[in-house]
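Read-outs: derived from the displayed coordinates by stated rules, not from any lab. This is a predicted model, so every value here is computed, not measured. Cβ placement follows ideal geometry from the backbone for every residue including glycine, while neighbour counts extend to all protein chains displayed.
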Amino acid sequence: MSKKYIGKAVKKVDAQAKVNGEAEYTEDLINEFSDLLHMRVLRAPHPHAYLKDIDISEALEVPGVVAVFTKADFPKLSEFGLIIKDQPVLVGKGEKMRFLGDAIALVVAENDAAALRGREKIKLDIEELEIVEDPLQAMEKGCIQIHEDHDIEVTHYLNKDMCCDNILSDNYIDRGDVEKGFAEADHIIEREYKTQFVEQLPLQVEKGIADYDNENEEIIIWAASQWIHDTQADIAQAMGVPKEKIRLKQPVIGGAFGKKEDISVHIHLALAARELKRPVVLLYNREESMIAQSKRHPQIIKHKTGVTREGKLTAWETEMIMDTGAYASSGPAVVRNAMFHCSGPYQVENVRAVCYAVYTNNTYCGAMRGFGATQMGFSYDNHMDVIATELDFDPFEFRLKNAFAIGSKTPGGEELNHGVNVKETIEAVHEASNWQEGDKDD
């Protein structure tokens, strides 16, 4: 391993610019535009409802309001999304809103105050539907389907009464012989673990500026993105324009942690700038950011493990249900990543797991540091503690006995043949923590 950087005090390349104020965030660019318009987004008043009608007439009469855009202004607009294109840019008349962050109208004005007043004047007629806020509810027979056009062939059922209409994706692994592993065990331990929604909470909320280059017919967007080329492609396909007509200029990102992998202000800004031929700014406040943008996925995780009286794991079975919220975002990738971490860095010859990502009317979930493995890590290491406590094993020795080594296989069957330092890590933590001394006074 290279010693050039590991263990060294390496200077962060952009630290000086951030400290002395030279770094340019989106807000720092606002004063460069003399004719800047301001945008506000009207979002869904109910997390699950049909939009029967929309009246923007009073909003257009507000002094300073330049335009109010709805889905009707963009009949060729397509849905967007990181993996599955299932999220509407704007919910149109006769269409369904699926969570409180869904955008219904864009109000553009000469100043932010006018945009806010205009947004308040828009009148909606909606038909409220049953709200599905629990993934277990979403999997019950008779539950309303959140995405009517979604169809999936589920291969593994938890029970005969399970409904698949709201399942985004199911994932399954089966390595070894789990039933044989349970038969060889002296003890079988079962537990359920739950994790919650987590907001990434970067210091900088979502914001951006867009302008239109008339000469080259290009839309220029200044907005932070963690996947800049994917964002460019998604904007282009949603708007039905060639990818080269979308130019993204990346300001300094004021934190992201996965939250800025998803599109936020980008398409709304691009539409307004193209239609009005003027620069437009859209700045979320913290409330809007928390309502409209992704979260870490909550998971319901059940582990069933077999272990011998000597402390060897013989079988590991996991069932996991993940709330992906109203839209897919990176959910299909997150649920698979979580599944392949079901037994953690511990050797088990016989592993079986079935994991589901399920639609609900909650805020959609996406990437956050750890990408599914974090939630599963919470569960499997808690489970290791439960086993150690119930069977009176030393938790350090129990982990060490079952930890990965050279030649171990992961739940997915990959053989580890280099870079395996789990045991060394456990030993280093054991030594540094002095956990046996925890009950003693210093």
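For segment 95-184, the ratio of Cα radius of gyration to the globular rule of thumb 2.2 N^0.38 Å stands at 1.80. Electrostatic bookkeeping for Lys304 treats Lys and Arg as +1 and Asp and Glu as -1; over the other residues with beta carbon under 12 Å from its beta carbon, the sum is -2.
Which entries in the list Lys304/Lys409; Lys11/Lys409; Lys93/Lys160; Lys194/Lys423; Lys259/Lys304; Lys259/Lys312 go over 31 Å, if you measure between the two C-alpha atoms of each? Violating the 31 Å Cα-Cα cut-off are Lys11/Lys409; Lys93/Lys160; Lys259/Lys304; Lys259/Lys312.
Over all directions, the projected convex hull of the C-alpha atoms in segment 36-150 averages 8.2 nm² in area. Would you pull out the residues with amide H under 5 Å of Val66's amide H, same chain only if 5 or more places away, H placed 1.01 Å from N? The list, which skips near neighbours in sequence, is Val108, Ala109, Glu110. Put simply, the amide H of Ala105, placed in the peptide plane, has neighbours under 5 Å in Leu42, leaving out anything fewer than 5 places away on its chain. Note on Lys123 and Tyr50: their simple-model spin labels are 2.1 nm apart, each label 7 Å out from Cα toward Cβ.
Of the Cα atoms belonging to segment 171-263, the radius of gyration and Dmax stand at 23.2, 76 Å.
Oblate is the label for segment 1-74, because a/c, from the alpha-carbon gyration tensor with a ≥ b ≥ c as root eigenvalues, is 1.5 or above and a/b does not exceed b/c. The Stokes-Einstein estimate for segment 256-302, based on a Kirkwood radius over Cα pairs and taken at 10 °C with 1.306 mPa s viscosity, is a diffusion coefficient of 123 µm²/s.
Extension gain for Glu215-Val198 works out to 1.7 nm (0.36 nm per residue, less the C-alpha to C-alpha distance). Quick one: Cα centre-to-centre distance for segment 270-319 and segment 371-425, in angstrom? First find each Cα centre; the distance between them is then 24 Å.
Rounded to whole numbers, the Karplus 3J(HN,Hα) couplings from phi for segment 293-301 are 10, 5, 10, 6, 5, x, 9, 10, 10 Hz, using 6.51 cos²θ - 1.76 cosθ + 1.60 with θ = phi - 60°, and x at Gly and Pro.
Put simply, segment 329-419 fits an ellipsoid with semi-axes of 27, 17, 11 Å; these come from the alpha carbon gyration tensor as the roots of five times its eigenvalues, largest first. Mind checking which of His297, Ala403, Gly344 is farthest towards the positive end of segment 278-420's charge dipole, using Cβ charges of +1 (Lys, Arg) and -1 (Asp, Glu) about the Cα centre? Highest projection toward the positive end goes to His297. Rounded to whole numbers, the Karplus 3J(HN,Hα) couplings from phi for segment 244-258 are 6, 8, 10, 10, 9, 10, 8, x, 5, 8, x, x, 8, 6, x Hz, using 6.51 cos²θ - 1.76 cosθ + 1.60 with θ = phi - 60°, and x at Gly and Pro. Computed over segment 242-359, the range of Cα coordinates on each principal axis works out to 73, 29, 26 Å, biggest value leading.
Span-like helix check, the chain: no full DSSP H segment qualifies, none having both a Cα axial length of 30 Å or more and a mean Kyte-Doolittle of 1.0 or more. Using the Cβ-Cβ distance between Lys76 and Phe378 with R0 = 30 Å, the FRET efficiency computed as 1/(1 + (r/R0)^6) comes to roughly 0.10. Residues Tyr327, Tyr157, Tyr346, Tyr25, ranked from the fewest to the most other C-beta atoms within 10 Å, line up as Tyr157, Tyr25, Tyr346, Tyr327.
For Ala403, the residues whose amide H sits under 5 Å from its own are Gln347, ignoring neighbours fewer than 5 places away on the same chain, with H placed 1.01 Å from N. For segment 327-428, applying the loop criterion from DSSP together with a ceiling of 13 other beta carbons within 10 Å to the GluC sites (Glu not before Pro) yields Glu414. Taken as Cα centroids, segment 72-99 and segment 187-241 sit 16 Å apart, rounded to the nearest whole angstrom.
Based on the alpha-carbon gyration tensor of segment 141-206 and its eigenvalue square roots a ≥ b ≥ c, which shape applies: rounded if a/c is under 1.5, prolate if not and a/b is larger than b/c, or oblate? It is oblate, given that a/c is not under 1.5 and a/b is not larger than b/c.
Extension gain, Val13 to Arg191, is 59.5 nm, computed as 0.36 nm per intervening residue step minus the present C-alpha separation.
3J(HN,Hα) along segment 34-45: 7, 10, 6, 9, 10, 10, 10, 10, 8, 10, 4, x Hz, from the Karplus curve 6.51 cos²θ - 1.76 cosθ + 1.60 with θ = phi - 60°, whole Hz, x for Gly and Pro. With R₀ fixed at 35 Å, the C-beta to C-beta distance from Ser57 to Asp151 puts the FRET efficiency at about 0.35.
Using only side-chain charges placed at the Cβ, +1 for Lys and Arg and -1 for Asp and Glu, the dipole size of the chain relative to its Cα centre rounds to 960 debye. Dividing the C-alpha radius of gyration of the chain by 2.2 N^0.38 Å, with N its residue count, gives 1.15.
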